[in-house]
Amino acid sequence: MTGHQKGALIILFTLFSMRSASQIADSSAVATLPDSVLLGNVQVTAYRTTGRLLTIPGSISVVNRENLVPTDGTNLASSLNLIPGVTMQTGTYLTNRIVIRGMGSRTPYNSNRIRAYLNEIPLTSSDGVSTPEEIDLMGIEKIELIKGPSSSLYGSGLGGSINMYTLEADSSGGSAGIQYGSFNTIKASLSGSYKGKRAGLRLNVSHLTSDGYRENNEYDKTTALAVARWSGKGWSASSTLLFIDVSGGIPSSLGKTLYEQAPWQAAATWKTVNAYKDYSKGLMSLSLTGRIKPGLTGNVAVFGRINDSFERRPFNDLDDKSLSGGFRGKLNYRSGKTEVTAGMEMLSEQYEWKLLTNNLLTGENREKRNHFNIFGIMYLKPVSTLNISFASALNYTAYMLTDKYLQNGDQSEKRNFPLIVSPRAGINYSPSGIVSFYASAGHGFSLPSPEETLLPAGDVNHNILPETGWQLETGSRLNLPGEILKLEGTVYLIGIKNLLVTKRITEDIFTGINAGKTRHLGFELVARALLFRLKSFPGSLNADLSFNASVNRFIDFTDDGQSYDGNLLPGIPRQNLSLWLRWIPFEDSELSVQMQYSGDQYINDSNSISYPGYFTCNLRLGRQLRAIKAIPVNLYGGINNITDTRYSSMIIVNAIGFGSSEPRYYYPALPRNYYAGLRISF
């Protein structure tokens, strides 16, 4: 069955499952002004406390429903790159990297310094890899992002955590949409919801297919997301089901010559073998929340995940699969001026992989990975203007490797990492509902992946250590009455020791080393201004601006006898600036312009090669029609990269050229491209 057929079957199933025919809210609506990523009155969940964002004792960014799709909605990068301190690099639909405050910039082809959750269910695999970009944004209500090592409740990742929350059924109805864009890119989506007295169900299905800009760049993805909720007196239960099926070609990165002269080409070796990746993923969870007694509530969630993948590469083929399960439970107590949350999270995963060269087995392994986390956080509010928090997490991880390919000897081993304690403290002072000041200090860590714990010969490296770090941050929020101006500025300092570096030995062999110490110093600014708001033309104009500048240096790093002390870390732009203008000239029309500048960066440890900064601009126009009052139709279209800027949307740090080939540092970004679509609600 082809990807198109699978997508069509799932969409038909969703249509059959819909109930009622009343109108629901839709993400394409343009009749109301969208909220900003920085809101004073938004309720946040990620720190597990009540109250407004203005009173949170730490930095947190909230991307609301209206901000999730600033362009064509085919990837997460356009949303996350609006947040200061966050850079999402997209090489292809299959290859992405999320960097937060400089954490994870050296990871070759994925994101492994952050934790990701969907409805508080872990998405991050036990080897630390997170792929939140796989989830279609149509079913997401908001994203809460904690930056840096300051989240005791969510794995204490050095980069922070991305917490995604799904839309729930608040009425019965549905919507359907179709979108077409450059490179024969087609996205079809469908959603339906049913709202009963004590139960609700929401289904979201999407299918994305594209020929791609480059050679060997075809892509096909089907996603299905279902969320159900039941409630009774003093209790509620919910279930989340997620299915993802992906197939896509791998053009890989390019050397400088091809990148400048023929960026649409694929890397020669990857094109020769028609390299591709084909995988399916599934997640299922069941959560129960109940009131134990006044002021005390409990929540427990059980979940399971499955992944089956095959990747064809020029040097070998990787056939891998994983099966994991776990639970997450917590208790929350509120009493007057005190709030306490405590809980635990456990994940057990079995991962199996085979390496095949010319269809002959050359390696086979099975890993069992166990992760355990106990966490707690307390909020003290002695007076209404003060919010103080104390938190800590205890983490334990173990890997067990079973070598099932014994022709080169049995390399089975076990690796137990030491217990890691990650404390956090924060304070927020808000003398009024207009301004607040906060400061926090937090600890985090990142474990080497199972592959990074292996030496080039395949033996376990017992000397490699987790990287750990502390973050200090302080900032202020300002919310002027009437939504005239919302402003937040943050200064942070992060110190990392035992930095984990993925080192490439050959084209297909990587290993991990500890690379001493680094220091990350940065400033972040985010602002929203209401420039004008009138009842008639010219209507309303809002401006969202974000800016960050950082200096990220090696403090102590020597590799192969060469010292890099004092050098800037590669793969991190020195500054990023984003401006998003949204103009609503009439009640049902919106024009938005998104402009972004990414500063220059080094792309190797020696700082001998740099990549210049670049500017991009995107335009989107939307119009809501009401030809039939009960069935609104939203039409929209846009242009991405209006200036047709040639730039690399993803950099491979410290790329190595093998033989006479150039180092392949660059993933070419899309040239100017177009899209248009419509969505019908009923």
Region 492-651 shape via C-alpha gyration tensor axes, a/c threshold 1.5 = prolate
In which sequence would E467, E260 go, from the one with the fewest C-beta neighbours within 10 Å to the one with the most?
-> E260, E467
State the answer as a single residue: which of G290, N548, A441 lies farthest towards the positive end of the charge dipole of the chain, with beta carbon charges of +1 for Lys and Arg and -1 for Asp and Glu, about the Cα centre.
-> G290
Cross-link partners of K142 among aspartates and glutamates (Cα-Cα below 13 Å; sequence separation of 8 or more within a chain) = D35, E66, E120, E168
Fraction of alpha-carbon pairs in the chain farther than 34 Å apart, rounded to whole percent, equals 45
Net charge dipole size for the chain [Lys, Arg +1 and Asp, Glu -1 on Cβ; Debye, nearest 20] = 2380
What is the fewest-to-most order of D136, D588 by other Cβ atoms lying within 10 Å of their Cβ?
-> D588, D136
Could you work out the helix-only [θ] at 222 nm for the chain, with each DSSP H run of four or more residues adding -39,500 (n - 2.57) and the total divided by the number of residues, to the nearest 500 deg cm²/dmol?
-> -1000 deg cm²/dmol
Let me know the shape class of region 164-300, please: from the alpha-carbon gyration tensor, a ≥ b ≥ c as square roots of the eigenvalues, rounded when a/c is under 1.5, otherwise prolate if a/b is greater than b/c, or oblate.
-> prolate
In the chain, with Lys and Arg counted as +1 and Asp and Glu as -1 at Cβ, which of these residues, I420, V501, G255, has the Cα nearest the positive end of the dipole, that is, farthest along it?
-> I420
At R0 = 41 Å, FRET efficiency that the Cβ-Cβ distance of I292 and T257 yields, to 0.05 = 0.05
Can you flag which of K330/K414; K277/K414; K293/K330 are past 19 Å Cα-Cα?
-> K330/K414; K277/K414
Most exposed first by the Cβ proxy, i.e. fewest other Cβ within 10 Å, how do V302, V227, V383 rank?
-> V383, V302, V227
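Every number here is computed from the coordinates shown, using simple stated rules; none is lab data. Small disclaimer: the values here were computed from a predicted structure and weren't measured. Neighbour counts run over all protein chains shown; Cβ positions are idealised from the backbone, glycine included.
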